[in-house]
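Here is the structure we will look at, set down as structure tokens.
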Amino acid sequence: MLFLNEVAPNIWTAAQSFRFLGVEVGSRMTIVRLPSQDLVLISPIPVKRGDRPLLDALGTVKYLIAPNLFHHLYIGDVQAMYPEAQILGVTGLSHKRPDLRVDATLNQSGSFENVLDYLPFEGFSAILPSGIQAAHETVFCHQPSGTLILTDIAFNFDETFPLSTRVAAQILGSYQTLRPSRLEKWGTWDKATVEASIRQVLVWNFDRVIPGHGGIVETGGKAQLEAGYEWFLGRSLGLSVRA
């Protein structure tokens, strides 16, 4: 059964259990309702037929978004339930998932109805069992609520996670702090491009941050994200968001 958590006006989240490298990291879908009452589902998780009334009560499911090359596993199943919905993905998704009907690629900045802005986050990679892979992530900002929506460019594992997860997060540098892990820090070579991307993100006006994995940062998220990327880049960004 899908459990919806209302985070802010017109924003809900739903989470599921998910293990990575044998560690429970969870996975979060974010739902944004646009002024038209259309719904944007970012990183869809499994949705059963019995869950449909919950979504339909919020609005019309219009957009299903795979925000990077790792969060696409369930998007086809959701589209089968909502065949009128459009799949929007990132660069490389059509090649990785030729079985999907990808309607558009989010490879440049834009906005849904002038309330949900988005931009590609370039230069970011991660060390995975299969090797170093580029994420090609797109990040989102819901301007009316000042909410930034991320997937894998920053984590925030906290005390609500199992002990094994907390220990792993401490080792990898992503425990109770909003930032990438050392897997991304070691796997990313093009840090100049990452710096250009994070600077674009920090121009947005947001305070809350919803990551794909870890706890939601309800306040002070912009300052935490800046500090997290200063750690990632190994230098100050010279910005004033913590003033």
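Here are the numbers:
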{"quantity": "Among (1) of a type in the set (Val, Ile, Thr); (2) at pLDDT 95 or above; (3) farther than 22 Å from Gln200 by Cα - the single one Val102 does not satisfy", "calculated": "(2)"}
{"quantity": "When residues of segment 18-29 are limited to those that are part of a loop (DSSP other than H, G, I, E, B) and exposed (fewer than 15 other Cβ atoms within 10 Å of the Cβ), the one modelled with the highest pLDDT", "calculated": "Gly22"}
{"quantity": "Any hit, segment 108-126, residues being without any contact (Cβ under 8 Å) to a residue 40 or more places away in the chain, touching a helix residue (DSSP H, G or I) at 6+ places or on another chain (Cβ under 8 Å) and surrounded by 15 or more Cβ atoms within 10 Å (Cβ to Cβ)", "calculated": "no"}
{"quantity": "Enumeration of residues in segment 30-60 that are free of Cβ contacts under 8 Å to residues at least 40 places away in the same chain, part of a loop (DSSP other than H, G, I, E, B) and exposed (fewer than 12 other Cβ atoms within 10 Å of the Cβ)", "calculated": "Gln37"}
{"quantity": "Restricting segment 176-194 to residues that are part of a helix (DSSP H, G or I) and in contact (Cβ under 8 Å) with a residue 60 or more places away in the chain, the residue that is farthest from the chain's Cα centre (by Cα)", "calculated": "Ala192"}
{"quantity": "Answer residue from segment 205-243, given it is within 16 Å of the chain's Cα centre (by Cα), in contact (Cβ under 8 Å) with a residue 12 or more places away in the chain and assigned to a loop (DSSP other than H, G, I, E, B) and is surrounded by the fewest Cβ atoms within 10 Å (Cβ to Cβ) among those", "calculated": "Asp207"}
{"quantity": "Output for segment 123-167, where each listed residue is under 17 Å from the mean Cα position of the chain (by Cα), more than 16 Å from Lys222 (Cα to Cα) and among the aliphatic types (A, V, I, L, M)", "calculated": "Ala126, Ala134, Ala135"}
{"quantity": "Ala15 being assigned to a helix (DSSP H, G or I) and farther than 22 Å from Glu122 by Cα", "calculated": "no"}
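The values are calculated or read from the model by the stated rules, or taken from the named source; none is laboratory data. As the structure is a prediction and not an experimental result, all values here were calculated from the model. For neighbour counting, all protein chains shown are included, and Cβ atoms are generated from backbone atoms with ideal geometry for every residue, glycine included.
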